[in-house]
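Okay, structure first, notes after.
The values are calculated or read from the model by the stated rules, or taken from the named source; none is laboratory data. Predicted model only: the values in this text are computed from it and were never measured. Methodologically, a virtual Cβ is constructed for each residue, glycine included, from the backbone with ideal geometry; neighbour enumeration extends over all protein chains shown. For the accessible areas, the whole protein counts, side chains as well, though only heavy atoms, and no ligand, DNA or RNA atoms are used. Shrake-Rupley method; radii C 1.70, N 1.55, O 1.52, S 1.80 Å.
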Amino acid sequence: MDDVSSTPMPDDVFHGHCAAIVRSVSTVIDGKADAVRLALTVLLAEGHLLIEDVPGVGKTMLARALARTVDCSVSRVQFTPDLLPADITGVSVYNQNTRDFEFKKGPVFANIVIGDEINRASPKTQSALLECMAESSVTVDGHTYELTSPFIVVATQNPIEMEGTYPLPEAQRDRFMARISMGYPDAAAELAMLRSRELTSPLDALTPVVTVEQLRDLIATVRSVYVSTAVEEYAVAIAQATRRDREVRVGASPRATLHLVRAAKARAAIDGREFVLPDDIDALAVTVLAHRMIPARHAGDTAAVLSGHSIADVIERIVAETPVPVTAAAS
């Protein structure tokens, strides 16, 4: 997505648009301010978002609400066991008039792609998104097609313990910048949901609050956030520590380090800062790193790998043990 042609916004305009997005999504998602903020962080950091939780807690609702706040092209794919890779990327069909093959674009050719229950499709179909998510392009029959910029995948998945699910391969999970969980709403939020959705869905009243051009400018603003060498070294030190830790079989990849810094820049911008602090790295470490790592003591236990509970504890320990550079803390 390096071809985004845009310019950074003034601070007040940037924060006004961010606040508008949060308010809009919050009208649909009750009592989940942290999840909404993390979703916005990933959106502005040009990342892909994985939302994992049990059915019925609002995973798809969050994805759809986030997509509706931006006036851009949006597509939705319901992943099922019989879904084929061509159903996502597109397929070449023969045109009898021209006597040649024409490429019919699939739903992946959109600014925001919602992948609903992504882990209900077969691994072969899941892998169709690998090139799309990593390189923003699709290769079919030897031809490469560039995707529209910005390109963001917001995918939902059920816990792997549930019936009819396939585990996402490590390479697929590594493409997602962050993984978040919705969790159950508290009693007050659940009661408010019952009352507000008695007759209509709040999604019906949701309208775009930013254009795709404004989204590009928001992204450009995040790109301009300053990251000191000390903070970069701090992020690398955490990633390196995950690869040496005895409790970890597969540590954070270099792509994970890049995503961690990008997400930290978005968090800093949303907080009204033009520079990244170590606190930004600390706050996002589990969200960005946990879904990519495999704990050594559960090497053969897929459920433990994907739940992220034990690995989150490891990451928090590593973050606590990694020295914060003095110059970074004083930035």
Residue under question is Val22, and the condition is that it be part of a helix (DSSP H, G or I), touching a helix residue (DSSP H, G or I) at 6+ places or on another chain (Cβ under 9 Å) and without any contact (Cβ under 8 Å) to a residue 12 or more places away in the chain; does it hold?
no
For Leu203, state whether it is open to solvent by 70 Å² or more (accessible area, probe 1.4 Å) and out of contact with any Asp or Glu (no Cβ under 8 Å at 6 or more places or on another chain).
no
State all residues of region 233-248 that are among the charged types (D, E, K, R) and surrounded by 17 or more Cβ atoms within 10 Å (Cβ to Cβ); if no residue qualifies, say none.
Asp245
Can you list the helices (runs of 4 or more DSSP H) found entirely within region 262-331 that contain at least 2 residues being at pLDDT below 95, more than 23 Å from Arg37 (Cβ to Cβ) and touching a strand residue (DSSP E or B) at 6+ places or on another chain (Cβ under 7 Å)?
302-307, 309-321
Could you tell me whether region 183-195 includes any residue that is touching an Asp or Glu at 6+ places or on another chain (Cβ under 9 Å), open to solvent by 50 Å² or more (accessible area, probe 1.4 Å) and modelled with pLDDT of 85 or more?
no
Any residue that is among the hydrophobic types (A, V, I, L, M, F, W, C), touching a His at 6+ places or on another chain (Cβ under 8 Å), open to solvent by 40 Å² or more (accessible area, probe 1.4 Å) and farther than 20 Å from Ala263 by Cβ - is there at least one of those in region 207-219?
yes
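From Val248, Val227, which residue is at pLDDT 95 or above, in contact with a strand residue (DSSP E or B) (Cβ under 8 Å, 6 or more places away or on another chain) and of a type outside the set (Gly, Ala, Ser)?
Val227
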For region 23-40, does any single residue satisfy the condition of being more than 26 Å from Glu274 (Cα to Cα), crowded, with 18+ Cβ neighbours inside 10 Å and either touching a Cys at 6+ places or on another chain (Cβ under 9 Å) or aliphatic (A, V, I, L, M) (or both)?
yes
Could you list, in sequence order, the residues of region 61-104 that are among the hydroxyl-bearing types (Ser, Thr, Tyr) and either surrounded by fewer than 20 Cβ atoms within 10 Å (Cβ to Cβ) or not in a helix (DSSP H, G or I) (or both)?
Thr69, Ser73, Ser75, Thr80, Ser92, Tyr94, Thr98
Please state which one of Thr207, Thr200, Thr229 is under 23 Å from Pro150 (Cα atoms) and of a type in the set (Ser, Thr, Tyr).
Thr207
Look through Thr139, Thr125, Thr156 and report the one residue that is of a type outside the set (A, V, I, L, M), open to solvent by less than 10 Å² (accessible area, probe 1.4 Å) and more than 17 Å from the chain's Cα centre (by Cα).
Thr125
